[in-house]
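> Got a structure here, written out as structure tokens. Questions coming.
Rule-based calculations on the coordinates, nothing more; no lab input. For clarity, every value in this text was computed on a predicted model and none was experimentally measured.
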Amino acid sequence: MRVRLVFVVLACILVLAGYSFARSDRVGCADQPHIGDVRRPLSVVLYPFIPNFKEVLYTIKSGFEEMHPDVELCFVDLSANYYAKTKHGQPAKAYIGTAEADIYELDSVFLQDFIDNEKIQELPRSAQLPVDQLLRNALDGSSIGGKRYGAPHWVCGNFVFFRAGDAAMRNVHTFADLETTVGGSDHAVGTGLLVDLKGSSTLGEFYLEAATDKYGWPDASSHLRTVENPLEDKLTRLSHLCDEGYCRDDDYHGKEIYGRAFSRNKGRILVGYSETLHAVLAETQQGCVKNDRCLTDADIDVVQLSLDDKGSHQISWVDSFVIAKGCSSACLADAVAFIQYMNQDATYVSILQPSPDVPPAYLLPAKATLFTNREVTGPAHLYPKLREIIEAAAAPSGSGLNDMLRNDGATIDAAFPVK
């Protein structure tokens, strides 16, 4: 009898272990079921590529569950592989297109695919912010065919950052202007560009930028199925503006190196998303010694990025909360409650500026009121300029758009000249 009991206990342990392994990508949930726990689980994919992501998970979980003690948030962590359906030629384990969750924070590049595949439902009116509370591009990037599918959370796009005392940079409006101001490939060491030009996703996005700057969106969509030499040449020209040792380094790709180098007065120009400034200011606060004279927020200015010689058509991406098709009844009520919580100014502030001792995240909220919220803009003075540049931007989406851009980026990455 005692031997049989031992086997039963061992079997239970193995079952529970299997349950734990099955849920290993679910951050913040119990590793095994609790007897008597009546809380309703709500699984959420948060967009992972933001400053202090792990701390943000904790902040959101603790804040939401305090307000809704009958719900347990289960975060499905895709930080290792959000965009790629394959990795090293094999199907990816945790890719946004195959992940299962009740709520997805979805990059707008995937929105049409999720609608085509009937993975999501129209956003309930109770989860929608009024149109006049949203940036214009945020509304565009979370809607298809006049229907609102997403509750927009963040918007993002590439910008050109430079030192506020660099008057010549304020007159840069085209790619030709940028080349002339930097001095082309013959610029002096330390006076060039800092930008990440590695990886299929990154290069695919820059290729889309070049196509949209030239043709506008959606006309640019017809130039994405194969890589066209005149557009690829724009990226080669961009790489010629890079400072020696930067831009095409595998070890630097996807890391905060470029922002931290700019903080220490490396390079004349930094190109990247607004949140790249978090890395700049984090280096100033955490990595500089007294005599390094690293950049402060007040030392930095911004203009629009153009990869065309005649002008610019800004693009932006919109990260929105969408609700899975099968989420209904209690799940749907909990999903709406979660989105309402994330829409609050106080929740945004807790992410953007959790304390005065932390460098601003410099993410761009989709909610317009945050751009005049002193808790957000006080330590981050570029918000009004960033809004002016990004709000009129197109928000591309389309069937298979992510795959096309990654394929284009991989082609360019393989053929890119070594600098």
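> Add -39500 (n - 2.57) for each DSSP H run of 4 or more in the chain, then divide by its residues: what number comes out at 222 nm, to the nearest 500 deg cm²/dmol?
Computed ellipticity for the chain at 222 nm equals -11000 deg cm²/dmol.
> Excluding residues fewer than 8 places away in the same chain, name every one of the lysines whose C-alpha is closer than 28 Å to that of Lys214.
Lys198, Lys234, Lys310, Lys385, Lys419
> Let me ask you something else. Counting each pair of different Cα atoms once, what's the Kirkwood radius of region 186-313 in Å, rounded to one decimal?
Answer for region 186-313: a Kirkwood hydrodynamic radius of 15.7 Å.
> On C-alpha positions alone, give me the angle between the axis of helix 276-286 and the longest principal axis of the chain, in degrees, nearest 10.
Between the helix axis and the principal axis of the chain, the angle is about 90 degrees.
> Can I ask one more? Send over the Kirkwood Rh of region 276-419, from the inverse of the averaged 1/r over different Cα pairs, rounded to one decimal Å.
18.8 Å
> Project the alpha carbons of region 49-179 onto their principal axes and report the range along each, largest first, in whole Å.
57, 44, 35
> What value in Å³ per residue do you get for the convex hull of the alpha-carbon atoms in the chain?
Taking only Cα atoms, the chain has a hull volume of 171 Å³ per residue.
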